[in-house]
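To start, the structure itself, in structure tokens.
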Ligand SMILES: C[S@@+](CC[C@H](N)C(=O)[O-])C[C@H]1O[C@@H](n2cnc3c(N)ncnc32)[C@H](O)[C@@H]1O
């Protein structure tokens with residue numbers, strides 16, 4: 001993988017400057033950051049602290065809270081053909097839960113790319129996975145270097161979705177698999193949507209993928225797959241209790257919770273749904 005962040009000067013400062021020019025993320029709040037920074041950076045750092053205290057068996061369930069269930073990750077592993085040594089780039093990989101799951105269950109060789117420094121640090125410390133600060137719209141990865149790409153729960157947080165998919169296509173080998181978890185909406189921003197989120201519609205997502213050089217091979221809804229096993233659910237619940245006990249009074253915790261609550265409300269009311277897709281680079 002050439003063009004690592006350190007070699008290109010593509011670092012966090014550069015990202016922040018570019019985001020500031022773009023007006024993205026959109027709203028600075030009383031806590032001093034944006035709701036998305038609270039959700040994806042601050043909570044990522046707290047996640048690492050709490051997992052270190054609770055024990056390594058909490059790392060994967062805690063690291064997958066913003067993502068797919070074990071059944072969803074199994075579906076992505078199967079459809080994308082992830083196996084020993086697969087060079088998997090997890091775009092917007094967060095604290096590394098899904099990539100850590102892929103390592104444990106297949107022996108894959110993932111790299112996490114995420115704009116949030118605390119998330120990259122957590123992925124590296126909790127799972128020993130190489131993690132690079134960068135955005136999906138400008139990946140610090142060489143052309144065709146990835147055997148497979150995952151992008152889970154990220155598309156709705158990215159404004160330039162076309163740029164994201166074109167960039168993923170650039171780094172993926174010809175014929176390589178793309179595994180997606182996408183929250184699709186009945187409109188781009190239903191009332192009450194979380195700050196900074198814009199949801200593609202089903203038709204919009206299909207057009208975006210086709211125009212970026214992908215063919216959709218399989219699709220399912222996350223809700224149609226089995227719920228997590230009891231031990232996974234118990235660890236997630238215990239982690240949530242510990243996180244709340246440590247940080248429940250912090251305005252950034254409240255902000256991050258509000259973001260999740262807004263998304264859950266939209267899902268409950270049928271405005272958004274989480275879809276898993278397997279696409280192939282044409
Ligand atoms: C809902 S979380 C999902 C994290 C992880 N993929 C998972 O499934 O557990 C969304 C992630 O997208 C990242 N993100 C936000 N904007 C991004 C961008 N422009 N490019 C890549 N990742 C981004 C966030 O930092 C966050 O880690």
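A short reminder: the numbers here are calculations on the coordinates, not readings from a lab. Computed from a predicted model, the values in this text were never measured in an experiment. Reconstructed Cβ throughout: ideal geometry from the backbone, glycine too, with neighbour counts over all protein chains shown.
Could you list log10 I(q)/I(0) for the chain at q = 0.10, 0.11, 0.13 Å⁻¹, which the Debye formula gives when each Cα is one point scatterer?
Evaluating at q = 0.10, 0.11, 0.13 Å⁻¹ gives log10 I(q)/I(0) of -0.47, -0.58, -0.84.
Normalized C-alpha radius of gyration of segment 187-266, against 2.2 N^0.38 Å?
1.49
Take 58, 101 and order them by how many other Cβ atoms sit within 10 Å, fewest up front.
Starting with the residue having the fewest Cβ neighbours, the order is 58, 101.
Quote the convex hull volume per residue of segment 71-126, based on C-alpha atoms, as a whole number of Å³.
Convex hull of Cα atoms, per residue: 68 Å³.
How large is the convex hull of the Cα atoms of segment 31-70 per residue, expressed in Å³ as a whole number?
58 Å³
Using the beta-carbon distance between residue 191 and residue 211 and R0 = 30 Å, what value does 1/(1 + (r/R0)^6) give for FRET efficiency, to the nearest 0.05?
0.55
Across the Cα atoms of segment 79-169, what radius of gyration and what greatest pairwise Cα-Cα distance (Dmax) are found, in Å?
When restricted to the Cα atoms of segment 79-169, Rg and Dmax are 12.0, 34 Å.
On the Cα set of segment 163-208, report Rg and Dmax in Å, please.
Both quantities, over Cα of segment 163-208: 12.9, 40 Å.
Looking at the calculated P(r) for segment 136-272, what percent of the C-alpha pair distances fall above 20 Å?
Here the tail beyond 20 Å accounts for 57 percent of pairs.
Strictly greater than 17 Å: what percent of every Cα pair in segment 220-282 meets that?
So the portion of pairs separated by more than 17 Å is 62 percent.
What whole number of Å gives the distance from the Cα centroid of segment 50-127 to the Cα centroid of segment 148-164?
Their Cα centres are 16 Å away from one another.
So what is the calculated 222 nm ellipticity per residue for the chain, using -39500 (n - 2.57) for each DSSP H run with n of 4 or more, over all residues, to the nearest 500 deg cm²/dmol?
-13000 deg cm²/dmol
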